[in-house]
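Novice: Right, I'll just put the structure down here and ask away after.
The values are calculated or read from the model by the stated rules, or taken from the named source; none is laboratory data. Everything quoted here is computed from the prediction, not taken from an experiment. Backbone-built Cβ (ideal geometry, glycine too); neighbour counts: all protein chains shown. Just so you know, the surface numbers come from the protein's heavy atoms only, side chains and all, with ligands and any DNA or RNA stripped out. Shrake-Rupley method; radii C 1.70, N 1.55, O 1.52, S 1.80 Å.
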Amino acid sequence: MTNKSVEELTRLMRQLVSDVQGAPFPSEKIEPELYSIWYEHVQRGAQNCFEFLEQHFPLDNSEFKDSLKKIFK
C-alpha cells in the first residue's frame, strides 16, 4: 500500500467516524427529516470506505463468507 493510499484511507475513516459521532441525539421526539439526512450522509461515508477497502484490500469469497459466519454466530 502506498503512502497516498494510507492517507486516503485515513481521510475516509476520519470522515466516517466524524459522521457517526454527529448522530442526532435520541430523544422523545426525533425529527425524521434530520435523522434521514444524517443517515444518508453516514451511509455515503461508509460506502466510500467500503469501496476503498475492496479496491485496495480485496477479500476472496471464502474469507468473506468466514467473516459473515463470525458476525452472525
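Novice: Grab the Cα-Cα distance for residue 47 and residue 18, subtract it from 0.36 nm times how many residues apart they are, and report the gain in nm with one decimal. Walk me through the numbers on the way to the answer.
Specialist: Working: separation 29, 0.36 × 29 = 10.44 nm, distance 1.47 nm.
Full extension of this stretch gives 9.0 nm more.
Novice: Also: When all protein chains stay in place, what accessible area (Å², nearest 10, 1.4 Å probe) is found for residue 18?
Specialist: 60 Å²
Novice: Go ahead and run the numbers for FRET between residue 8 and residue 40, Cβ-Cβ distance against an R0 of 25 Å, rounding to 0.05.
Specialist: Working: r = 22 Å, r/R0 = 0.89.
Rounded to the nearest 0.05, the efficiency is 0.65.
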